[in-house]
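The values are calculated or read from the model by the stated rules, or taken from the named source; none is laboratory data. The structure displayed is predicted, hence computed values, not measured ones. Cβ atoms come from the backbone with ideal geometry, glycine included; neighbour counts cover every protein chain shown.
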4 protein chains.
Amino acid sequence: GHTIDLGGIFPPLTTPFSPTQEVDYTQLEGNLCRYASIPFRGLVVLGSNGEYPYLAPQERLEVVSCVRRALPRDRLLLAGSGCESTQATIKMTVSMAEAGADVALVVTPCYYRGAMTSAALVQHYTEVADASPIPVVLYSVPANTSLDLPLEAVLTLAQHPNILGIKDSGGDITRIGLMVHKTRKEDFQVLAGSASFLLASYALGASGGVCALANVLGGPLCQLDRLCREGGWQEARDLQHRLIEPNVSVTRRFGIPGLKKAMEWFGYYGGPCRAPLTPLSPSQVEELRSTFSANGWL
Amino acid sequence: GHTIDLGGIFPPLTTPFSPTQEVDYTQLEGNLCRYASIPFRGLVVLGSNGEYPYLAPQERLEVVSCVRRALPRDRLLLAGSGCESTQATIKMTVSMAEAGADVALVVTPCYYRGAMTSAALVQHYTEVADASPIPVVLYSVPANTSLDLPLEAVLTLAQHPNILGIKDSGGDITRIGLMVHKTRKEDFQVLAGSASFLLASYALGASGGVCALANVLGGPLCQLDRLCREGGWQEARDLQHRLIEPNVSVTRRFGIPGLKKAMEWFGYYGGPCRAPLTPLSPSQVEELRSTFSANGWL
Amino acid sequence: GHTIDLGGIFPPLTTPFSPTQEVDYTQLEGNLCRYASIPFRGLVVLGSNGEYPYLAPQERLEVVSCVRRALPRDRLLLAGSGCESTQATIKMTVSMAEAGADVALVVTPCYYRGAMTSAALVQHYTEVADASPIPVVLYSVPANTSLDLPLEAVLTLAQHPNILGIKDSGGDITRIGLMVHKTRKEDFQVLAGSASFLLASYALGASGGVCALANVLGGPLCQLDRLCREGGWQEARDLQHRLIEPNVSVTRRFGIPGLKKAMEWFGYYGGPCRAPLTPLSPSQVEELRSTFSANGWL
Amino acid sequence: GHTIDLGGIFPPLTTPFSPTQEVDYTQLEGNLCRYASIPFRGLVVLGSNGEYPYLAPQERLEVVSCVRRALPRDRLLLAGSGCESTQATIKMTVSMAEAGADVALVVTPCYYRGAMTSAALVQHYTEVADASPIPVVLYSVPANTSLDLPLEAVLTLAQHPNILGIKDSGGDITRIGLMVHKTRKEDFQVLAGSASFLLASYALGASGGVCALANVLGGPLCQLDRLCREGGWQEARDLQHRLIEPNVSVTRRFGIPGLKKAMEWFGYYGGPCRAPLTPLSPSQVEELRSTFSANGWL
């Protein structure tokens, strides 16, 4: 069979909620409609920005189904299927495949991080990849999990025929370069997990990016992707520079509440987060907005 | 109404699994039967040592029901009801109360730790405590959550009439002393979250302890509790000293797989953990065993 | 020969500076005069609170000489002689012994912390202790060095005939208990490195304390020492409780500038710190003062 | 006056020691002689790789004088002049300027890291830059100092006429991009502090690199510099990939003892480090060597 090509930009969709914090599928479809004209390679649902830990298993599956129905077949659908236990992750992965996901994005289990040795994580991912009807992408996001999927585990797992690549949100460009270099003989694709280090990741050989900021500035991120592919590095640099501050503000600084707020300024539905995530204060909104306006986006 | 007195020792029960990693209720009842003769103040189910993140919601409720049926009414049943979202935590807390829990033990949500400000956590716990039919105990366990419930949040929450106290597993004795001192005018009880600093916590004014090691050495821990209450500090010190190494080995060093293995040496059912937690290697078992034998317990 | 008994309280003296940031030996003697009536076991000079990294080698020696001249012979003089290299530490230790120090307090070298393995540190301290004409006390202060002297290194070094004990400022009471327990067959004395966990350390078997707060509240700390030795644990607890907040404010919260400011309220010379340490703002002074007044010390 | 152009590669020289750990100036000159044919922009002496914390003040000055005498005038000499106190740093900076340094490289003071606020560091660097007869380069190396010079401090200091740029060894490419972007209206130059992220830093707009690995593989690093300047990004990527593992092994993994050992394989004098830095074990030497041979350098 063919390997799925992950080259390009994927927005990790936020999950729209109604004022009472119920999943709002209509708004989700509305956003998808607006994203249709942007040349994304595909979409991620239920990544960290999708508030997946706040959704019940049944809700997670319904989100996948909803997005699959609305998404053209040539757009890839990556679905976050990670759970804490191996058995729950397998069950969720199989169900998401049935619901129409093309690829399973599997976050590192982390609650017992002291016990999540390289060996334990290799076994976890191997069992999941063995059982999954769709290809698996590893997902390391230490800002949330306080755990970096060890490089040696990545290199071992890269050899698994059903493991396609990794989304790395840690931002350690040395590690990203090393992953690309050490897996150069495998079909293994590295996705930058944030717009802040997208250009640098491409310069080191990454295939694409899963970028929260693509929920807001999808067009410019696809343009940055294109410039890097075509070798327009000088123009790419200027664009990258203007994206860092907005990106930091919708990730590290203000998180998902900031991301959803910024979406509203660009014509998307943002809406509330589920508690305990709290809305921004007026002064925080002001600070958020200034990172977009100071860089020429508003 | 009366405040529930949390003074004494609580083992945070491990959850027995069969060889196929299904919850084994028969073995759970067997362990409860063996614990019946130890003067525990009560039991905790579905704390971190209960592998709660690996249980489905329905399984969590069944464990509470099973333990409630087997437990004499004069033993307190604390049940871990924390989930990532506020709404899921409320729902789980209400259901566990219906299943017979006396007290809800609510761990800090942590996946979006960057957004878990003191204000966000105060709001989360306040909503849970408002909605809960049973008293709430806060639960801070930074080794798992990478998040310390901020002291200022604890002091605010201590004033809530339905918040009874805190289980603090961080081991910062300065903080424990400060919590006791600053809440001296409230009915707020501090529980040491580990046997390693139990004596020190009592010396600073803690009410009791929730100690993984009580699954294994419940008798000696109740004796330590008694010595501290009666002022036998010199004897208490000698006993505490002999408990640190075994405790470190069943918590930080080898985690739940180590705890379950040690339980078997003392007549309890340990059994496997759910994956991705992995069993100890033979040399790890040897090292674990030596921490018990070198201190005179085996 | 006899082992030096470290039982009791030691203030780690601040180093007085003139308005132009020169060492002010007259003010140093003035403070010593005021401390003479407090039943300290001895004094520490040039610990972290003495701003030792800001003093030239010659200044460090002059401070030792000055204090030795002013100090009655029955008071122990511990002098911080640690440098980054082994050879500089040996040279400084020998010179401080000649200048009248009774004991050398040797902080862990830390700049190359990634290379400071247990083996490297054991070798460092062994060479220093071999060469030193006076006994050595190990000094672990991770808040400054980002390095914890590993427990296994402590246990190995405890067997050295010229290593007397450790000043541990990390505040991990589990570790303190373990050090006391595992060295019970050696003549090895553990000193609590902070007033915040002094009672807890005594309860676990520590010999004494080196407490920044003793520069300010030396009398109450000696009283706490006495209560713990005599078994007055309930009274000790109440006293300990009232000391935590002031102590946190002159250590973690406001550091040496806070400590020096508080000294002035109690009749000692505080004065400025050397830059880049900066004086407190008026609102910080207010906050500092409230931690003393709220606990009945002002 | 003209601004000094820092564009290019600078090896941060190791300091050669004799078998008795005395500075070996003859070997230092020998290495300089070997480096003369490599198109470095200049040299750094007494950076972290120069073991500066292990040298007495007088030794630091002699190293600067020795290198200045041996170095052609068209090669820049950057000298590490940072000390813990502001006054000692100023004195050392002035002396190093007199000894022939072109630029002072000033590491963040770090022992009292809790007190090293952005304001304190701005004041420290401002006083040093005001007093220095030569331009100052900021130096942030969190692996050693556990302190990141805050971005806001960098942006403020970038406006100082005598502050030329920053050597940033933290490896956070987002931060490097942001520094370049936010100082684009100043004459402020960013130097990558490690070969591991050199290409990525250039892609984001850095001016040059101070790379430990340049002590060993100076030619290839200058070639990488040239490729990046000329836009040969594909060839640059392949070269960068082959440099990461050797670089990690002479920095994070094995530190200065590893760096000095590797230097010997390429015709330079390495020699011992000062204690407590310890030589590699035979198996570590083997592992180190394999990172060079596996990437085609040996």
| When the residues of segment C:108-132 are filtered to those that are out of contact with any His (no Cβ under 9 Å at 6 or more places or on another chain), more than 8 Å from chain D (Cβ to nearest Cβ) and without any contact (Cβ under 8 Å) to a residue 40 or more places away in the chain, which remaining residue is surrounded by the fewest Cβ atoms within 10 Å (Cβ to Cβ)? | C:Ser118
| Which one is nearest to D:Met96 (Cα to Cα) among residues in segment D:153-171 that are within 13 Å of chain A (Cβ to nearest Cβ) and not in a strand (DSSP E or B)? | D:Ser169
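I'd like the full set of residues that are part of a helix (DSSP H, G or I) and either charged (D, E, K, R) or touching a Gly at 6+ places or on another chain (Cβ under 8 Å) (or both), limited to segment C:1-28. Step through it out loud before you land on a result.
Going through segment C:1-28, the residues part of a helix (DSSP H, G or I) turn out to be C:25-28.
Answer for segment C:1-28, where residues must be part of a helix (DSSP H, G or I) and either charged (D, E, K, R) or touching a Gly at 6+ places or on another chain (Cβ under 8 Å) (or both): just C:Gln27.
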| query | Of the residues that sit in segment A:193-225 and are within 13 Å of chain D (Cβ to nearest Cβ) and not small (Gly, Ala, Ser), which one is nearest to the chain's Cα centre (by Cα)? | reply | A:Cys211
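To keep it simple, each residue is scored yes or no on (1) within 14 Å of chain C (Cβ to nearest Cβ); (2) out of contact with any helix residue (DSSP H, G or I) (no Cβ under 8 Å at 6 or more places or on another chain); (3) within 24 Å of D:Gly165 (Cα to Cα); (4) without any contact (Cβ under 8 Å) to a residue 40 or more places away in the chain.
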| residue | (1), (2), (3), (4) |
| --- | --- |
| D:Leu227 | no, no, yes, yes |
| D:Ile256 | yes, no, no, no |
| D:Glu286 | no, yes, no, yes |
| D:Ser293 | no, yes, no, yes |
| query | Quick one: which of D:Ala70, D:Ala104, D:Ala79 is over 14 Å from the mean Cα position of the chain (by Cα) and either under 23 Å from D:Leu213 (Cβ atoms) or free of Cβ contacts under 8 Å to residues at least 60 places away in the same chain (or both)? | reply | D:Ala70
| task | Report whether or not A:Glu62 is surrounded by fewer than 22 Cβ atoms within 10 Å (Cβ to Cβ), among the acidic types (Asp, Glu) and in contact with a helix residue (DSSP H, G or I) (Cβ under 6 Å, 6 or more places away or on another chain). | result | no
| request: Identify all residues within segment B:51-62 that are within 12 Å of another protein chain (Cβ to nearest Cβ), under 20 Å from the mean Cα position of the chain (by Cα) and assigned to a helix (DSSP H, G or I); write none if there are none. | output: B:Tyr52, B:Pro53, B:Tyr54, B:Pro57, B:Glu59
| Between residues in segment A:134-154 that are hydrophobic (A, V, I, L, M, F, W, C) and residues that are in a loop (DSSP other than H, G, I, E, B) and modelled with pLDDT under 95, which pairs lie under 6 Å by C-beta distance while being six or more apart or on different chains? | none
| said: Residue under question is B:Val44, and the condition is that it be assigned to a strand (DSSP E or B) and either among the aliphatic types (A, V, I, L, M) or crowded, with 18+ Cβ neighbours inside 10 Å (or both); does it hold? | reply: yes
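Can you tell me which residue in segment B:172-183 is surrounded by the most Cβ atoms within 10 Å (Cβ to Cβ), limited to those that are more than 8 Å from chain C (Cβ to nearest Cβ) and farther than 14 Å from B:Val141 by Cα?
Looking only at segment B:172-183, we keep the residues that are more than 8 Å from chain C (Cβ to nearest Cβ), and these are B:175-176, B:179, B:182-183.
If we keep only those that are farther than 14 Å from B:Val141 by Cα as well, we get B:179, B:182-183.
On the way: B:Met179: 23, B:Lys182: 19, B:Thr183: 20.
It comes out as B:Met179.
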| query | Is it true that D:Ala275 is within 11 Å of another protein chain (Cβ to nearest Cβ), surrounded by fewer than 16 Cβ atoms within 10 Å (Cβ to Cβ) and at pLDDT 95 or above? | reply | no
| request: Could you tell me which of the residues B:Lys182, B:Lys261 is farther than 30 Å from B:Ile4 by Cβ and at pLDDT 95 or above? | output: B:Lys261
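Determine which member of the set C:Ser146, C:Ser169 is closer than 24 Å to C:Phe254 by Cα, among the polar types (S, T, N, Q), crowded, with 22+ Cβ neighbours inside 10 Å and out of contact with any Leu (no Cβ under 8 Å at 6 or more places or on another chain). Before the answer, list the steps.
On the way: C:Ser146 fails: crowded, with 22+ Cβ neighbours inside 10 Å.
Being closer than 24 Å to C:Phe254 by Cα, among the polar types (S, T, N, Q), crowded, with 22+ Cβ neighbours inside 10 Å and out of contact with any Leu (no Cβ under 8 Å at 6 or more places or on another chain) holds for just one of C:Ser146, C:Ser169, which is C:Ser169.
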| task | Go through segment C:82-101 residue by residue and tally those that are within 19 Å of D:Pro276 (Cβ to Cβ), among the polar types (S, T, N, Q) and either touching a residue at least 24 places away in the same chain (Cβ under 8 Å) or in contact with a Lys or Arg (Cβ under 6 Å, 6 or more places away or on another chain) (or both). | result | 4
| message | Would you confirm whether or not segment B:94-107 contains a residue that is of a type in the set (S, T, N, Q), more than 10 Å from every other protein chain (Cβ to nearest Cβ) and in a helix (DSSP H, G or I)? | response | yes
| query | Would you call C:Ala262 away from chain D (no Cβ under 14 Å), in contact (Cβ under 8 Å) with a residue 12 or more places away in the chain and within 30 Å of B:Glu245 (Cα to Cα)? | reply | no
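Find the residue count for segment D:76-93, including only residues that are among the acidic types (Asp, Glu) and assigned to a strand (DSSP E or B).
Matching residues across segment D:76-93 total 0.
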| task | Restrict the check to segment A:241-254 and report whether at least one residue is free of Cβ contacts under 8 Å to residues at least 24 places away in the same chain, more than 9 Å from chain D (Cβ to nearest Cβ) and assigned to a loop (DSSP other than H, G, I, E, B). | result | no
| query | Is it fair to say A:Thr251 is among the hydroxyl-bearing types (Ser, Thr, Tyr) and either within 21 Å of A:Asn295 (Cα to Cα) or touching a His at 6+ places or on another chain (Cβ under 7 Å) (or both)? | reply | yes
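Kindly indicate the residue of segment B:200-245 that is polar (S, T, N, Q), closer than 27 Å to C:Arg229 by Cβ and out of contact with any Gly (no Cβ under 6 Å at 6 or more places or on another chain) and also surrounded by the fewest Cβ atoms within 10 Å (Cβ to Cβ) among those meeting that condition.
Step one: filter segment B:200-245 for residues polar (S, T, N, Q), giving B:201, B:207, B:215, B:223, B:234, B:240.
Filter once more, keeping what is closer than 27 Å to C:Arg229 by Cβ: B:201, B:207, B:223, B:234, B:240.
The next check asks that each one be out of contact with any Gly (no Cβ under 6 Å at 6 or more places or on another chain); those that pass are B:201, B:223, B:234, B:240.
Working: B:Ser201: 28, B:Gln223: 17, B:Gln234: 12, B:Gln240: 28.
Result: B:Gln234.
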| note | From the option list C:Leu164, C:Leu227, C:Leu221, single residue qualifying as farther than 27 Å from C:Asp238 by Cβ, out of contact with any His (no Cβ under 6 Å at 6 or more places or on another chain) and not basic (Lys, Arg) is C:Leu164
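Does B:Ile38 fit the bill of being β-branched (Val, Ile, Thr) and out of contact with any Pro (no Cβ under 8 Å at 6 or more places or on another chain)? Give the steps one after another, and end with the answer.
Details: β-branched (Val, Ile, Thr): yes; out of contact with any Pro (no Cβ under 8 Å at 6 or more places or on another chain): yes.
Considered against the rule, which asks whether it is β-branched (Val, Ile, Thr) and out of contact with any Pro (no Cβ under 8 Å at 6 or more places or on another chain), B:Ile38 comes out as yes.
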| request: Can you give me the number of residues within segment A:109-133 that are touching a strand residue (DSSP E or B) at 6+ places or on another chain (Cβ under 6 Å) and outside any helix (DSSP H, G or I)? | output: 1
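This table checks each residue for (1) part of a loop (DSSP other than H, G, I, E, B); (2) at pLDDT 95 or above.
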position: D:Leu147; (1), (2): yes, yes
position: D:Ile176; (1), (2): no, yes
position: D:Glu186; (1), (2): yes, no
position: D:Leu199; (1), (2): no, yes
position: D:Ala203; (1), (2): no, yes
position: D:Ala214; (1), (2): no, yes
position: D:Cys222; (1), (2): no, yes
| request: Return yes when D:Asn31 is in a helix (DSSP H, G or I) and closer than 12 Å to D:Gly80 by Cβ and no when it is not. | output: no
| request: From (1) within 26 Å of A:Leu55 (Cβ to Cβ); (2) away from chain A (no Cβ under 14 Å); (3) in a loop (DSSP other than H, G, I, E, B), pick out the condition that doesn't hold for B:Pro72. | output: (1)
